[in-house]
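Here is the structure we will look at.
The values are calculated or read from the model by the stated rules, or taken from the named source; none is laboratory data. This one's a predicted model, so the numbers in the text were calculated from it and none came from an experiment. Here Cβ is always computed from backbone atoms with ideal geometry, including for glycine, and neighbour counts include all displayed protein chains.
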Amino acid sequence: MTGRIRVPGDKSISHRSIMLGALAVGETRVSGLLEGEDVLATAAAMRAMGATIERQADGDWVVAGVGVGGLMQPAGALDMGNSGTSTRLLLGLVASHALTVCFTGDASLSKRPMGRVITPLSQVGAQFTTYPGGRLPLIITGTATPVPIRYRLPVASAQVKSAVLLAGLNTPGVTTVIEPVPTRDHSERMLRGFGAALSVDMDDNGARVISLSGQPELRPQTIVVPGDPSSAAFFVVAALIVPGSDLVLENVGLNPTRAALFDVLRQMGGQIDAINPREVGGEPVADLHVRASELHGITVDPAVVPAMVDEFPVLFVAAALAHGRTVTSGLDELRVKESDRISAMHAALTMAGATVTETADGLIIDGSGGKALAGSGEAAITTHLDHRIAMAMAVAGLASERGVTVDDTRPIATSFPLFERLLADLGAA
Ligand code: S3P
């Protein structure tokens, strides 16, 4: 793993740039948009509700917005594919419009809980009909008379926070979200960037209190999307565990609410230097220089979980190659991602020859001490329609004797369409 690479645009920021661009008055230009299936599902949905969204010849995207409150009734159901972020954030937007919208998704998304957004959005005044268990497919009927709510998040979820704030955009008065544990703050940053009045205070218990004044006029923006740290994560771990590696990843977003994986890997002995730190599109960015390193196991502080919630599959791979034991806990949310990532990675790493124990809320991994894993050979690891399981196990394959086979690589295109090509360019077979 030697050379210089650039990972694609940040998925969370890409979704939000399309949604807010579609609600501004005028043309928003987005460069570096992630052209993965999840973001394209968001773009298709916003088009179906009236926005004009086009890719230019130079690769930039131009979004002509309808203005806050201007979303229109889509002609058919909105297919969210694999994307929980599209679904939950768009439910927030629709909740405060007098529209009736049907949301559908693939087999993975149809298993994921929607009750976490249905509860606050019902308080706003939206009505829902869902499959049993509050799952997709579901029909939401938004309200013409939305109520501004004050909502305390019961789970650390940026998607729930964002759904409530986006509902608050077309709601008169002040919508407030109280966040006891900080989660990614891209919505707050971008809402402000588009000109919304949004304040963030701390309450007496140290919780973040986020207040948004409804019905602003959003001003169109020029947005440069930084590289996705969650995509960079796979190549950072690959470079750490493949002997002799020396890799530079350019333009990686290092928002502190996202970047905990890199700190955890450094604690494990990983040589990761952030060079040329700068700001891109209101977000901190740097190039990461990563060298192959002797890793040692640690106990991961559960307080960092929200700031690396998507990075555990690949952290588990790093732990499987480390010296000694790595203990993780507090990972309950991983059970309701694109797959149950605790049990999926337990099964996957075990098949690849690692020593792994599953607990109620995490994994305990006894590392190989730098020795290549046996690998799964021809036996296919089950990825459960989860892009991050597929990519994490591809990385494990790089540090294995017989290689790793996964049952399905298609889900990789939801977040990182060029993953396989980039790996091949670096010399992986
Ligand atoms: C995201 C929030 C996280 C994360 C997901 C993207 C977002 O989900 O796992 O990949 O863009 O807001 P939760 O809010 O469910 O933790």
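Overview of results
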| read-out | value |
| --- | --- |
| Unique match (being within 14 Å of Pro306 (Cβ to Cβ), within 22 Å of the chain's Cα centre (by Cα) and within 15 Å of the ligand (Cβ to nearest atom)) among Leu165, Leu153 | Leu153 |
| Qualifying positions in the stretch 353-370 - out of contact with any Gly (no Cβ under 9 Å at 6 or more places or on another chain), in contact (Cβ under 8 Å) with a residue 12 or more places away in the chain and not aliphatic (A, V, I, L, M) | Glu358, Thr359, Gly370 |
| Cβ pairs under 6 Å, 6+ apart, first in the stretch 70-86 and within 25 Å of Pro216 (Cβ to Cβ), second in a loop (DSSP other than H, G, I, E, B) and within 16 Å of the ligand (Cβ to nearest atom) | Ser86/Met80 |
| Qualifying residue in the stretch 34-51 (condition: over 25 Å from Arg152 (Cα atoms), among the aliphatic types (A, V, I, L, M) and in contact with an Asp or Glu (Cβ under 6 Å, 6 or more places away or on another chain)) | no |
| Criterion violated by Glu279 - all others in (1) over 17 Å from Ala158 (Cβ atoms); (2) at pLDDT 95 or above satisfied | (2) |
| Residues satisfying the stated conditions in the stretch 344-377, i.e. touching a strand residue (DSSP E or B) at 6+ places or on another chain (Cβ under 6 Å) and surrounded by fewer than 19 Cβ atoms within 10 Å (Cβ to Cβ) | Thr350, Thr355, Thr357, Ile364, Asp366, Gly369, Ala372 |
| Test: residue in the stretch 313-331 that is at pLDDT 95 or above, closer than 23 Å to Lys11 by Cα, outside any helix (DSSP H, G or I) and out of contact with any Asp or Glu (no Cβ under 6 Å at 6 or more places or on another chain) | no |
| Entirely in the stretch 174-270, the helices (runs of 4 or more DSSP H) that have 3 or more residues that are without any contact (Cβ under 8 Å) to a residue 60 or more places away in the chain and buried (at least 21 other Cβ atoms within 10 Å of the Cβ) | 260-267 |
| Hey, Gly32 over 30 Å from Leu426 (Cβ atoms) and more than 15 Å from the ligand (Cβ to nearest atom) or not | no |
| Counted residues, the stretch 389-414 - those being under 21 Å from the mean Cα position of the chain (by Cα) and over 20 Å from Leu247 (Cβ atoms) | 8 |
| Out of Gly59, Gly65, Gly115, sole residue that is assigned by TED's automatic domain parsing to the domain that holds Ala156, surrounded by 15 or more Cβ atoms within 10 Å (Cβ to Cβ) and modelled with pLDDT of 95 or more | Gly65 |
| Yes/no for Gly214 being small (Gly, Ala, Ser) and away from the ligand (no atom under 16 Å from the Cβ) | yes |
| Matching residues in the stretch 385-411 - criterion: being crowded, with 24+ Cβ neighbours inside 10 Å, out of contact with any Leu (no Cβ under 9 Å at 6 or more places or on another chain) and β-branched (Val, Ile, Thr) | Ile389 |
| Test: residue in the stretch 292-299 that is of a type outside the set (Lys, Arg), part of a strand (DSSP E or B) and either assigned by TED's automatic domain parsing to the domain that holds Gly193 or more than 16 Å from the ligand (Cβ to nearest atom) (or both) | yes |
| Test result for Pro306, assigned by TED's automatic domain parsing to the domain that holds Lys371, over 23 Å from Leu398 (Cβ atoms) and touching a residue at least 24 places away in the same chain (Cβ under 8 Å) | yes |
| Candidate set: the stretch 122-140, residues that are of a type outside the set (A, V, I, L, M) and part of a loop (DSSP other than H, G, I, E, B); chosen: the one surrounded by the fewest Cβ atoms within 10 Å (Cβ to Cβ) | Pro132 |
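This table checks each residue for (1) away from the ligand (no atom under 15 Å from the Cβ); (2) part of a helix (DSSP H, G or I).
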| residue | (1), (2) |
| --- | --- |
| Gly69 | yes, no |
| Gly76 | yes, no |
| Asn82 | no, no |
| Ser86 | no, yes |
| Asp106 | yes, no |
